[in-house]
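Only the coordinates and a few stated rules stand behind these numbers; no lab work does. All values derive from a computational prediction rather than experimental measurement. Positions of Cβ are backbone-derived with ideal geometry, glycine not excepted, and every protein chain shown enters the neighbour counts.
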Amino acid sequence: MTTTEGVVFERFSAWFDGTPALVNVSLTIQPRSITAIIGPSGSGKSTLLRAINRLDEGLPGARRAGALRVAGDDVLAPGTDLSALRQRVGMVFQRSNPFPRSIFDNVAYGPRLTSRTQGSDIDDVVEDALRRAALWEEVRDRLDAPAHTLSAGQQQRLCVARALANRPTVLLLDEPTSALDPQGTVRLEELLYELQRDLTILIVTHNLQQAARLSRRTALLVDGVLIEEGASDRLFTHPTDSRTEAFITGRFG
Ligand SMILES: Nc1ncnc2c1ncn2[C@@H]1O[C@H](COP(=O)(O)OP(=O)(O)OP(=O)(O)O)[C@@H](O)[C@H]1O
Ligand SMILES: [Mg+2]
């Protein structure tokens, strides 16, 4: 395992209209594992995630500094192909956002866009992505049904399948289970646990128990500053920073 395969922030900062949202963050996200990003509301968690596939690109007033590499590639370089980057780096949001199309078309969307896959091959790509997203058995007989007819948890796994169909190396999830019931949450967690075998997974969560049980490593942000990063089993039991202890014991945030 080499760190060049993961995601590396080096003295990375982000501002919105001159106000800092991330301050000098240096953080290495290990490949083939789950890293949890925790912190109070407004601490920069989503900004950190969105930076990786440059989602805030083009926002007037948004400014970035420092280095950010995905599998060794400088993704902030002016020549970066943004659509290629967003295929390598898949994103799943808090509220599942399937397109108003069929289940099949949602998953086929990315591969069709790049015309990487055509004809009957697309069926295999869709099936494979749905299987990897642990959704195939539930939807195989209704692939033409509108995506919105799925349950919230199924829709969230559909969004994972849609990302997986692009064969990403990094999967970003921003509070993916906050709108799910306990059962849907367990299904998604089990899925992520499986997927970490060949993906770099970053998950933002407000659920500290989820971070502790699911992630190998955890990073705490407070006011845009990386306070502490380390093995989750250590960080949640023996935090080194008093602010981490305050946060995980619920004394602030
Ligand atoms: N598009 C934007 N325009 C202006 N300011 C923004 C924008 N997006 C984020 N910010 C600001 O950047 C800071 C960090 O926001 P961010 O969304 O990253 O926080 P967060 O940790 O994800 O919070 P939450 O837990 O509430 O989702 C906040 O002060 C926020 O107001
Ligand atoms: Mg957020």
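Relative contact order for the chain using alpha-carbon pairs under 8 Å, separation at least 6, rounded to a whole percent?
The value is 28 percent.
Based on alpha-carbon positions alone, could you give the equivalent ellipsoid semi-axes of the chain from the gyration tensor, as √(5λ), descending, whole Å?
Each semi-axis is √(5λ); the values are 30, 22, 16 Å.
Using Cβ counts within 10 Å as a stand-in for footprinting exposure, how do His148, His206 rank, fewest first?
Ranking His148, His206 by Cβ neighbours within 10 Å, fewest first, gives His148, His206.
With only alpha-carbon atoms in the gyration tensor, what are the semi-axes of the equivalent ellipsoid for region 208-251, in Å, largest first?
Equivalent ellipsoid semi-axes, largest first: 15, 11, 10 Å.
So for region 39-159, taking the charge dipole from beta-carbon charges (+1 Lys/Arg, -1 Asp/Glu), which of Gly153, Ala108, Phe93 sits furthest toward the positive end?
So the residue we want is Phe93.
Once you place label points 7 Å from the Cα toward the Cβ at Thr80 and Glu194, how far apart are they in nm?
3.1 nm
How big is the antiparallel share of DSSP beta bridges in the chain, given as a percent to the nearest 5?
Of all bridge pairs located within the chain, approximately 55 percent are antiparallel.
Hey, what angle do you get for helix 182-195 against the long axis of the chain, alpha-carbon based, 0 to 90 degrees rounded to 10?
90 degrees
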